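> Here it is, the structure in full.
The values are calculated or read from the model by the stated rules, or taken from the named source; none is laboratory data. Bear in mind the structure is a predicted one, so any value in this text is a computation, not a measurement. Neighbour counts run over all protein chains shown; Cβ positions are idealised from the backbone, glycine included. Keep in mind that these areas ignore ligands, DNA and RNA; they rest on the heavy atoms of the full protein, side chains included. Shrake-Rupley method; radii C 1.70, N 1.55, O 1.52, S 1.80 Å.
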Amino acid sequence: MYELFQTIANTHELESVFRELKLLPIENMTDEQYIATAWLAFTTGDQVTLKQTLLHRPDEQIKDNSLRANMLALRAVALFGGSISKSEELIEEALKLVANSKDDILKGNVYMSYARIQASKINLKLAATYYEKAGICFEKSKGSFLAVMAYTNQNLNLYAVSDIEQVRESCEYHLRLKS
């Protein structure tokens, strides 16, 4: 399951995957295609596709908990600037939905979204914790680009709170891991 997300995590051709997904009629998309399209629209800044996608399918129609959690997390990040309380409500629901799931790309996306929101609220230590959790999920799923992005954000947040020792330890650990 989640082959599309695995493909996305392992390709450097995100633009071509996104272009292909946008060609599909939104009403015929599987839940996975639908959510992948929304995430790629958000990631690339394609506000038109993001808005169309977010407005098209209610969260309750998505039966798979991990996919539903990803849509809630995406909505939370997209809404954060306008409605912080609604954003927090959505991300908390998303975290509950993935709490007992295996560490995979979808769980990593939810953790990364939560970390982004916490970093925006200047809860940098908590953000760093969730960036690390996201990195672990991405690493287990062989999504190395996403893992590097998560670990980089983890260390930037730790550096911002002057936890230099933990940044050093994290960097040494990841360097040893790769060698």
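> For SER83, what charge total do you get from the other residues with a beta carbon under 12 Å from its beta carbon, if Lys and Arg give +1 and Asp and Glu give -1?
Around SER83, the surrounding residues sum to 0.
> Under a GNM of the chain (C-alpha, springs under 10 Å), which listed residue has the highest mean-square fluctuation: GLN154, GLN47, GLN61?
Highest fluctuation of the listed residues: GLN61.
> Checking the a/c ratio against 1.5 first, then a/b against b/c, what shape does the Cα gyration tensor give for the stretch 52-164?
oblate
> Using Cα-Cα distances under 8 Å and only pairs 6 or more residues apart, what relative contact order does the chain have, in percent?
Rounded, it is 17 percent for the chain.
> Over the chain, with every protein chain in place, what whole percent of the accessible area is carbon and sulfur at 1.4 Å, could you tell me?
55 percent
> For the full complex of protein chains and a 1.4 angstrom probe, list LYS142, LYS22 by accessible area with the highest value first.
Solvent-accessible surface, decreasing: LYS142, LYS22.
> Further, regarding this structure: Quote the relative contact order of the stretch 111-155 in percent (integer), defining contacts as alpha-carbon pairs under 8 Å separated by 6+ residues.
Contact order relative to length: 36 percent.
> GNM, the chain, Cα, under 10 Å: largest mean-square fluctuation among SER101, SER66, SER87?
Highest fluctuation of the listed residues: SER101.
> Relative to the compact globular guide of 2.2 N^0.38 Å, what is the alpha carbon radius of gyration of the stretch 28-108, as a ratio?
Taking N as the residue count of the stretch 28-108, the ratio is 1.02.
> Whole number in Å², please: accessible area per residue of the chain, 1.4 Å probe, ligands, DNA and RNA not counted.
54 Å²
> Then there is this: Can you give the extra length, in nm with one decimal, that the chain gains between LEU24 and ARG168 once fully stretched, where that is 0.36 nm per residue apart less the Cα-Cα distance?
47.3 nm
> Using the eigenvalues of the Cα gyration tensor, what equivalent ellipsoid semi-axes result for the stretch 81-120 when each is taken as the square root of five times the eigenvalue, whole Å, largest first?
Gyration-tensor ellipsoid for the stretch 81-120: 20, 11, 6 Å.
> Now a separate question. Calculate the spin-label point distance for SER120 paired with SER83, positioning each point 7 Å from the Cα along the beta-carbon direction, and give it in nanometres.
1.3 nm
> Here is a further query. Taking 2.2 N^0.38 Å as the expected size of a compact globular protein, what ratio does the Cα radius of gyration of the stretch 103-150 give against it, to two decimals?
1.02
> Going Cα to Cα from LYS22, which aspartates and glutamates come in below 12 Å? Please leave out same-chain ones fewer than 8 positions away.
ASP46
> Give, in nm to one decimal, the length gained when the segment between THR43 and GLU92 is fully stretched (0.36 nm per residue of separation minus the Cα-Cα distance).
15.5 nm
> Among the listed pairs LYS63/LYS125; LYS96/LYS133; LYS86/LYS142, give every one whose C-alpha distance is greater than 24 Å.
Over 24 Å apart, Cα to Cα: LYS63/LYS125; LYS86/LYS142.
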